[in-house]
Amino acid sequence: MLAKLDPGLGNLLFSTYLGGSNMDATYGVRSIGGDTVVVVGSTFSNDFPIVGLGTGHTRNQQGSCDGYLLRLRTSGASLLSGTFLGTSSYDQAYLLDVDDSSRIYVAGITLGTWPITPASVYANPAAPHFIQRYSSDLSQLQISTVVGTSNASGPSLSPTAFMVDICRKIYLSGWGGTTNTQRNSFMAPFGGFPTTADAIRGVTDGSDMYLMVLEENAQSLVYGILS
């Protein structure tokens, strides 16, 4: 469900349901000006509604689970455009942010072979944590990359925060380690995440928080630290 309330939280201004006939989740929402919002989440539904496909899949569900991005108008409840995010394997889209040009950034995890484009972006090939940037109307995929450490058994970082600053640098943080793997067999052991020479701590003990910063357009790794 997506809902909009007045500043005092006293009145419901808009609400709608999102989803298909199977399991679906909505993880984040951002305003991109006026009455338009962008929503990120993941779906197992073959009939999840998507309109205006540009860079997304041409069919509803590639793998067992796909991420999604939707643009909606909160006056009139109209679905403007959307795209699926995924591979032929399991994928989840968790976090999003918007820069000062209303371009849309999203982060998540994948068990598939994620596209890296353009070739000049910073990437850790075969890593299971993805970052993408779309045009404000979702018609163009502008940046796509994977970061972290390559691990055939799955992602080892649970993404917890994601943002783009005023200089358009991209921030991603999360945590991983023994507690994560004990509670969720889907997660892989933590380790191997890229750190920079100025990091206060660059070697993991097997359970850590992690923060990385990428330059504008994901051109390079500015900072990587464990804690």
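The values are calculated or read from the model by the stated rules, or taken from the named source; none is laboratory data. Predicted, not measured: the structure shown is a model, and the values here were computed from it. Here the Cβ positions follow ideal geometry from the backbone for every residue, glycine too, while neighbour counts run over all protein chains shown. Note: accessible area is taken over every heavy atom of the protein model, side chains too, but ligands, DNA and RNA are not part of it. Shrake-Rupley method; radii C 1.70, N 1.55, O 1.52, S 1.80 Å.
Observations on the model:
- Cβ-Cβ FRET estimate between residue 47 and residue 227, R0 fixed at 41 Å, reported to 0.05: 0.45
- A helix-only calculation puts the chain at -500 deg cm²/dmol for mean residue ellipticity at 222 nm, using -39500 (n - 2.57) for each DSSP H run of at least four residues, averaged over all residues.
- Chain lengthening between residue 73 and residue 21 when straightened (0.36 nm per residue, less Cα-Cα): 16.4 nm
- Gain in span if fully extended, residue 197 to residue 64, counting 0.36 nm per residue against the direct Cα distance: 44.0 nm
- Note on the chain: Kirkwood hydrodynamic radius from all Cα pairs is 18.1 Å, rounded to one decimal.
- Among the protein heavy atoms, those of residue 71 account for about 40 Å² of accessible surface (1.4 Å probe, every chain in place).
- Per-residue SASA entry for residue 23, accessible area with 1.4 Å probe, Å² rounded to 10: 120
- Cβ-derived FRET efficiency at R0 22 Å, residue 216 paired with residue 31, nearest 0.05: 0.50
- Per-residue accessible area (protein heavy atoms, 1.4 Å probe) orders 44, 84 as 44, 84, starting from the largest.
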